[in-house]
C-alpha cells in the first residue's frame, strides 16, 4: 500500500503541530497516521487514493455515514446565509425543540461544541441544584479532558486489588491537584461501591456521572439492575444522576441509553452522532433541573455554542433519526452483531464485545464475564496495534489506538462481510504467535 503522501504530511505536522496531531486521540501508536481526503457513506479515501471501509466514523459522529445527503444539504443552505451570527437564529430553536422531544425526561437543553463542554455544563448544573460539590465517576470512563473528570480512565489492572473506592489518579500532567478533592471513583458495574459512598458522604455529593455503556475502555454494558440501582440510590441521597450519552446518544436508540435501558437520568449529555459529523453537543434535563441555567445562576457561554452550521446539521440529522427510527435502529444493531459474530469466528485470540452498532475489538482479552475494566487482564495491546495496522493495509479503517468500532446506517452486509474477510487475510499474514 502506498502511503507516501500521508508520510510526507506527518513529517510536516511534526514540525508545525505539537506532537504532530491536534487531538491526542488521533495519535497512532501503531505507526504514522493516515491522512484522509474525503468520505462517502461507509467509505474513506486517503490522500494517496487508498479506499477503506470505515468503522471509526469520525470517532462516532457519522452515524448516517460520511457526507450524509440530508446533513450536507442543510449545511450548504446555511453556508449561503452566514457562518456565524453572534446571536440567536432559527436552527438553534429548531434543534433544541427536536432534542427535547426525542429524549426521555428532557424539557430544556443547552448547546455547546464538544462532549467535554457538555459534561462540564451538566456537572455545574448539578452542583447548583444540590448546593454540593462532590462528583462520583466510574473507573474506566472517559468524559472528556476536563480536570474534574479526566481521572482513573486507564487504571493499571495488573496492580492488584484496586479497592472499591480507588485513589484519584489524574491522566495528564498539568492538571490541578485541587480537582482530586472533589472527585470520588467507583468501579463500573459495582453498585454497592456507589451506594457505600452515597451512604457515607451523600450530603456532599452533587452527582453521579456514568456512561450507560462504558465505551472507550472496552464497550462494557451494564449488568442487570446496575443503572436502575444508581437511579434509586441517587434519588435517596438527593444527588443527581447524569448519563454521559455523548457516544450512546442517538446510537443505541432514538432516545439513547435512557430509552434503550429504560432508566431516566436527571441530566444527559449528547454529542457525536447528534449532528451527523458537525461539532454540536448538548446537556438536557427537566425544566426544574435546568432552572439554574434558565435563571442564569449557572454561567454557560461560548462563541460557537449553537453555531448555525452545526445546528442546521443537527436539525437534519435528528429529523432523519426520528423519521426513520423504525428501520434505522434494527438495521444498525443487526449489522453490528453481524460484524461481531464474523470477527469472533476468525480467531480464538480475538475478543469482540459490545451493544449493536458499538463493538470493541481486542486481542487476548477475556471473551466473557467482563463487568469492568478490571476484568480486561491479559490483553495484548501491541497485538491490537499490529492488527489494526495490518487491517488498514487490507482496506479496513479502525480507530488508531482503541478497538472501538462503529457501524453506520450506510454500511451494508457486503461491507461487513468484506471486513470479516479482510480480518482473516490480515491475520494470515502475521506470524503464527500473533494470530
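Structural remarks
- Qualifying residue in segment 323-335 (condition: without any contact (Cβ under 8 Å) to a residue 24 or more places away in the chain and within 24 Å of residue 142 (Cα to Cα)): no
- Against the list (1) touching a residue at least 60 places away in the same chain (Cβ under 8 Å); (2) more than 30 Å from residue 403 (Cβ to Cβ), the condition residue 50 fails is (2).
- Exclusive hit being in contact (Cβ under 8 Å) with a residue 12 or more places away in the chain and either assigned by TED's automatic domain parsing to the domain that holds residue 422 or closer than 30 Å to residue 387 by Cβ (or both), set 315, 370: 370
- The single condition among (1) surrounded by fewer than 24 Cβ atoms within 10 Å (Cβ to Cβ); (2) in contact with a strand residue (DSSP E or B) (Cβ under 7 Å, 6 or more places away or on another chain) that residue 308 does not meet is (2).
- Tally of residues being assigned to a helix (DSSP H, G or I) and more than 23 Å from the chain's Cα centre (by Cα) across segment 98-137: 4
- The residues in segment 195-204 that are touching a helix residue (DSSP H, G or I) at 6+ places or on another chain (Cβ under 6 Å) and in contact (Cβ under 8 Å) with a residue 40 or more places away in the chain can be counted, and the count is 1.
- Selection count where residues are in contact (Cβ under 8 Å) with a residue 60 or more places away in the chain and within 24 Å of the chain's Cα centre (by Cα), scope segment 68-92: 5
- Residue match in segment 413-432 (condition: touching a strand residue (DSSP E or B) at 6+ places or on another chain (Cβ under 7 Å) and either modelled with pLDDT under 90 or outside any helix (DSSP H, G or I) (or both)): no
- On inspection, residue 21 passes the criterion of being in contact (Cβ under 8 Å) with a residue 12 or more places away in the chain, surrounded by 16 or more Cβ atoms within 10 Å (Cβ to Cβ) and within 22 Å of residue 143 (Cα to Cα).
The values are calculated or read from the model by the stated rules, or taken from the named source; none is laboratory data. Everything numeric here is computed off the predicted structure, so don't read it as measured data. Glycine also receives a Cβ, built like all others from the backbone with ideal geometry; neighbour counts cover every protein chain displayed.
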